[in-house]
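Report on the structure given below.
The values are calculated or read from the model by the stated rules, or taken from the named source; none is laboratory data. Note that the structure is a prediction, hence the values are computed from the model and not measured. A quick note on method: Cβ atoms are made from the backbone with ideal geometry, for glycine too, and the neighbour counts reach across all protein chains shown.
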Amino acid sequence: MAKLHSDFGAERFDLSHFLVLGRDAERMLTPLLSTLQLSMATTTRQRLRCLVQFGEALRAVGCHALPCTDDGWQALVLDVHRFVHTRQDRKQNLVTRHIFIWKITRRWFTTLVEEGLAPATVHIPPTHTDLIGGDEADRLIGDSTPVRVDTTAETSKLLMPISLSRSDAAYLDEVRDTLVARRQALFSCLQDYWHKLRENLEFGLMLRSALTDDEFNKLTINGPLGRQCREPPCNSIESLAAYLTVLHKNHGAPFRHRGIEGLTQKQLKANSLPRLENWPIFPALPPHIEDKSVKAGYILTWTWLGRLSQRDVSVIIALLTMLHAKWTPTALYDALVHDQDGKTYLDLDEDGFCFEIKKHRAKAMKRESLCPLAEEILTTVLTFSSEIRDELRSAGSPLAGRLFLPWGNGAVDGKACAPAGIGSLVKFLSGRKLNKNHAAKWLGDFYPTLAAAGLTPGSVSFKKIRATEGVLEWFRTKNLQAVSKRMGNSTRVVLEHYIPKALLHAWMNRAARRFQNLWIAVAAAEESFLLEVTDFSSIAELNSFIADLLQTHSAKSSPLATELHKRFKTADENDAIARDGDLHVSLNVASLSALYSYQAAALAAAAPMDVLTKVDVASGASPRAFMQLADLLQLQLPSDRNAEYRRIHEVAMVKAQEPALIHAWASLFQ
C-alpha cells in the first residue's frame with residue numbers, strides 16, 4: 001500500500017496487484033517509485049493512480065514473474081497495451097486511455113528498459129495524440145469545419161464599406177470601379193470648390209487694388225468708416241470696392257452686427273447677393289453662398305479680403321491628400337512655411353516646385369515634387385496669407401510660421417485662429433452631427449453629385465481619403481512597394497492599416513482560382529463536362545479564358561503550358577476554340593506609357609460600365625480590354641526575366657503619370 005501526503009490530506013494507493021509477480025514485485029516497484037521522488041504532489045498522485053492500473057493489467061494478463069526473454073517482454077508489453085485500451089471494468093473513454101493512461105504506462109516500461117530489467121530491443125507502442133479525432137464526422141481532404149459568416153460585417157476605412165464576408169475574385173472589380181467613381185466624384189467637387197475659392201480671392205484682391213491712395217483718402221475724409229455706412233456694398237462694383245478697401249485698411253476684418261463705437265454698420269448681406277448676377281464673379285461664387293443667411297455674406301466678405309475659412313482649409317487639405325498621399329492630413333494642417341533658419345519649404349528644383357512637410361509620428365521630413373494643381377494651391381495660399389503673416393511675425397506670434405492662417409471666432413488678436421487639431425476641420429467633409437437634432441452643413445449639401453455617387457454624411461473623412469488613395473495605387477500597380485512609396489509608409493504599415501484584408505483575400509482567391517481553372521481545363525480538355533467543373537457560366541467565357549491562357553503562356557514556358565497548347569491547339573476556324581489572331585505588344589517606353597496613361601485616364605474619369613464594355617466596330621476591342629491588357633502587363637513585367645523589359649516598364653509607369661498624357665486620353669471618356 002502506497003501512502004501520499006499532500007495539501008489535500010493523506011491518500012492511499014493499493015499496489016497489492018504487483019504481488020502477483022512474487023519476488024520480482026520489489027525489483028519492478030523500486031525503480032518505478034524512485035521516479036516519483038522529486039515530482040510535485042499533483043503529478044505524483046496522477047502517476048500512482050496509473051501505477052495501480054499497471055498492476056491491475058499485470059494481474060489480468062496472467063504475468064506471475066518478469067519475462068526472461070526478448071519475446072516474453074514483447075508479448076507482455078503488447079498484452080498490457082491491449083488491456084489498457086480494451087478493459088471493460090472502467091468507463092474511461094478511448095482518448096483518456098490512450099493519451100493519459102497508456103502514456104504513463106509507457107513511461108513505466110521505458111524506466112524498466114533504462115534500469116536493465118527489460119531488453120532495449122523491445123518495442124513499446126507510441127502515443128499518437130495527433131491521431132485522436134474524438135467523435136468528429138469523416139471529412140474530405142482539405143475540408144474544414146463550417147464557420148458562420150456575418151454577411152453584414154464591414155470595415156469602413158475607405159470611401160466605400162468593404163464587406164468582411166466576401167472574398168470572391170469578382171469582388172475586386174466591384175470595389176475598384178466603385179472606389180474610382182466615388183474618388184473621382186469627390187475630387188471633382190473639391191476641385192470645383194478650390195477653383196471658385198481662388199477666383200473669389202483674386203476678385204477681392206482686384207477690387208481692393210482698384211482705389212488709389214488719393215481716392216481712399218477722399219473716401220474716408222469724413223471718418224474712418226467711409227461711405228460704406230450710407231451706401232449698401234452690393235449697389236455697384238465701385239461701392240463694393242470701396243467697402244472692401246475700407247475694411248482692409250482701417251479695420252482688418254468685416255463688420256459684425258455691432259460696429260465700432262456701438263454704431264450699427266452696413267455690411268454685406270446674403271439677401272443682397274442677387275444684385276451680383278450681372279457681375280463677372282457671380283458664376284464663381286462659393287457653393288455655400290446659396291445659403292441666404294447673414295453668415296453667408298459675412299463669410300464671403302472674409303474671402304474677398306483674401307482670407308481662408310476653416311471650411312476652405314479642410315477642402316485644401318483633402319485635395320492635397322489626394323494629390324500627394326505621402327502627406328498625412330495632420331502633417332498638412334500643422335505644416336510650416338520655413339525652417340528654424342528661415343529657409344522656405346517651398347522650393348524650386350530640376351523637377352519644378354517641391355514642398356517639404358514634417359510627419360511628426362515618423363519624425364521625418366517628407367519632400368514631394370508638386371503636381372500643377374498642388375503648386376497652384378500652395379502658391380495661392382502663401383500669396384494671400386503673406387500680409388497677415390507679416391503682421392503676426394511683427395507681433396512675435398508663433399502662428400506666423402504656419403502654412404494655414406484661417407480666420408474664425410477664436411482668432412488671436414483678430415488675425416488668425418490658434419490650431420485646434422485636424423478634428424475641428426472634418427465636420428464639413430463628413431457631415432458629422434453636432435447633436436441628435438442638428439447636423440452640420442457638409443460638402444454634400446452643396447454638391448448633390450456626391451450623393452449620386454454613393455457618398456452620404458459620415459462616409460467621407462481625411463483618413464478614408466488617404467486610405468483610398470493607397471488602395472487605388474495598389475489596384476493600379478499591383479505592387480506593395482509602389483503603395484509604400486506613394487503613402488510614405490513601410491509595406492508592413494500598408495498591409496496592416498491601409499489595404500483591407502478582405503481585398504487581399506479576394507486578390508489571392510483570384511490568383512488561386514485562375515491557376516486552379518488552368519489545371520482543370522488542361523485535365524478535362526476533351527471532356528463534355530469541362531464547363532461544369534470550371535468557374536465559368538458560358539462557353540464564350542470559357543473560350544475567352546483559354547484563349548487568354550494560350551496567348552499569355554507560350555508553349556515552351558513550362559511543362560503545363562506545353563500540355564495546354566497540345567490539348568487546345570487549333571487547326572482551323574471550325575475547331576471548338578479558335579482564335580482570330582495573336583496579339584503582339586510592342587514593349588517600348590512610348591507604347592507602354594500610352595497604354596498605362598490610357599488606363600489611368602479611364603480610371604480617373606470613372607466611366608460607367610456600359611462605356612468601358614462598348615466594343616469599337618473598327619478594332620473589335622473595348623476600353624475594358626485595354627485596361628485588362630495594362631493590368632496583365634503590370635503584373636507580368638516587374639518579375640520578367642528580361643532586365644530590359646523590367647526597365648522599360650518602370651520608366652513607362654513614371655511617364656504615364658504625366659498630366660499631359662492623361663489629359664490627352666480624357667476626352668474619350670467624357
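Assorted remarks:
- Scanning region 573-585 turns up one or more residues that are outside any helix (DSSP H, G or I), modelled with pLDDT of 75 or more, under 38 Å from the mean Cα position of the chain (by Cα) and not aromatic (Phe, Trp, Tyr).
- Where a residue in region 608-619 is more than 21 Å from Ala453 (Cβ to Cβ) and its partner, wherever it lies, is assigned to a loop (DSSP other than H, G, I, E, B), with Cβ under 8 Å and at least six apart: Lys614/Ser622; Val615/Ala621; Val615/Ser622; Asp616/Ser622
- None of Thr330, Thr321 is in contact with a helix residue (DSSP H, G or I) (Cβ under 6 Å, 6 or more places away or on another chain) and surrounded by fewer than 21 Cβ atoms within 10 Å (Cβ to Cβ) except Thr330.
- Enumeration of residues in region 649-660 that are at pLDDT 80 or above and either among the aromatic types (Phe, Trp, Tyr) or part of a helix (DSSP H, G or I) (or both): His649, Glu650, Val651, Ala652, Met653, Val654, Lys655
- Unique residue being within 24 Å of the chain's Cα centre (by Cα), within 25 Å of Cys189 (Cα to Cα) and of a type outside the set (Lys, Arg) when the list is Ala660, Ala666, Ala607, Ala630: Ala607
- In region 36-81, the residues that are under 14 Å from Phe13 (Cα atoms) and basic (Lys, Arg): Arg45, Arg47, Arg49
- Extreme residue, nearest to His64 (Cα to Cα), among residues of region 11-44 that are of a type in the set (S, T, N, Q) and assigned to a loop (DSSP other than H, G, I, E, B): Thr35
- Applying the criterion of being touching a helix residue (DSSP H, G or I) at 6+ places or on another chain (Cβ under 6 Å) and surrounded by fewer than 19 Cβ atoms within 10 Å (Cβ to Cβ) to the residues of region 374-407, the residue that is modelled with the highest pLDDT is Thr380.
- The residue pairs whose first member lies in region 83-108 and is more than 12 Å from Thr127 (Cα to Cα) and modelled with pLDDT under 90, whose second member is hydroxyl-bearing (Ser, Thr, Tyr) and crowded, with 16+ Cβ neighbours inside 10 Å, and whose beta carbons are closer than 8 Å, counting only pairs six or more residues apart or on different chains, are Val84/Thr105.
- Residue match in region 354-361 (condition: of a type in the set (D, E, K, R), more than 30 Å from Gly444 (Cα to Cα), surrounded by fewer than 18 Cβ atoms within 10 Å (Cβ to Cβ) and modelled with pLDDT of 80 or more): yes
- Qualifying residue in region 333-341 (condition: modelled with pLDDT of 85 or more and part of a strand (DSSP E or B)): yes
- Some residue of region 488-510 being closer than 21 Å to Ser314 by Cα and either surrounded by 18 or more Cβ atoms within 10 Å (Cβ to Cβ) or modelled with pLDDT under 85 (or both): no
- Selection of region 430-443 for residues being part of a helix (DSSP H, G or I) and either farther than 29 Å from Gln599 by Cβ or modelled with pLDDT under 85 (or both) yields only Ser430.
- Which numbered condition Arg641 fails, given (1) at pLDDT 75 or above; (2) touching a helix residue (DSSP H, G or I) at 6+ places or on another chain (Cβ under 9 Å): (2)
- Every pair of residues 6+ apart whose Cβ atoms lie under 6 Å, when the first sits in region 627-639 and is outside the structural domain of Leu549 (by TED's automatic domain parsing) while the second is surrounded by fewer than 17 Cβ atoms within 10 Å (Cβ to Cβ) and not in a helix (DSSP H, G or I): Gln634/Lys478; Leu635/Lys478
- Counted as qualifying within region 444-537 are the helices (runs of 4 or more DSSP H) with 3 or more residues that are touching a Pro at 6+ places or on another chain (Cβ under 8 Å) and touching a residue at least 60 places away in the same chain (Cβ under 8 Å), namely 462-477.
- Among the numbered conditions (1) of a type outside the set (Phe, Trp, Tyr); (2) modelled with pLDDT of 75 or more; (3) loosely packed, with under 13 Cβ neighbours inside 10 Å, the only one that Ala600 does not meet is (3).
- Residue that is nearest to Val80 (Cα to Cα), among those in region 109-139 that are acidic (Asp, Glu) and at pLDDT below 85: Asp130
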